[in-house]
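Before we start, here is the structure in question, set down as structure tokens.
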Amino acid sequence: MFERREFLGGSAAAAVLAGSDAAAAAPMYGLIGKMLAQPGKRDQLMALLMSGLGEMPGCLSYIVARDPGSPDAIWITEVWDSAASHAASLRLPAVQATITAARPLIAGFGERFETAPVGGVGLARTP
């Protein structure tokens, strides 16, 4: 008879191994970027970025956050089921409209990082 600890340890190892096969087969695509709003326009820009998020096929996570160290900076963290889904999202009419409306509120961009997410709290790996 297995001890509970042995069973849980074996189950966790099996889950990690199964997850690594899935992640290797079809990697998710992530972006983390800093956007700079025109002075005093950060809240307006964040509201715009948060609107119209309804239908973005392949988007697993889209987070807009204030940078506590800068009154005009915003961090955007995105996770997509693939790089192709992200690229396709940029052609959606709603996304194009948001980009057009946001341009006058954007002062510039800061760091930008591409990532290959593998999962995490709130981010289930999709088959």
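For segment 34-49, take each phi angle, set θ = phi - 60°, evaluate the Karplus expression 6.51 cos²θ - 1.76 cosθ + 1.60, and give the result in whole Hz per residue in order, putting x for glycine and proline.
After applying 6.51 cos²θ - 1.76 cosθ + 1.60, I find 9, 10, 10, 7, 4, x, x, 10, 4, 5, 5, 5, 4, 4, 5, 5 Hz.
Taking amide H positions as placed in the peptide plane 1.01 Å from N, state which residues far from Ala107 in sequence (5 or more) or on other chains have amide H under 5 Å from it.
Amide H neighbours of Ala107: Leu36, Ala37, Gln38.
Name the long-range amide H neighbours of Ser61: under 5 Å, sequence gap of 5 or more, or other chain; modelled H, no Pro or chain starts.
Under 5 Å from the amide H of Ser61 lie the amide H atoms of Val79, each far enough along the sequence or on another chain.
What are the ³J(HN,Hα) couplings of segment 92-97, residue after residue, when phi is run through the Karplus curve with 6.51, -1.76, 1.60 and θ = phi - 60°? Round to Hz, x for glycine and proline.
In residue order, the calculated couplings are 5, x, 5, 5, 4, 5 Hz.
Read-outs: derived from the displayed coordinates by stated rules, not from any lab. All of these numbers come straight from a predicted model, not from anything done at the bench.
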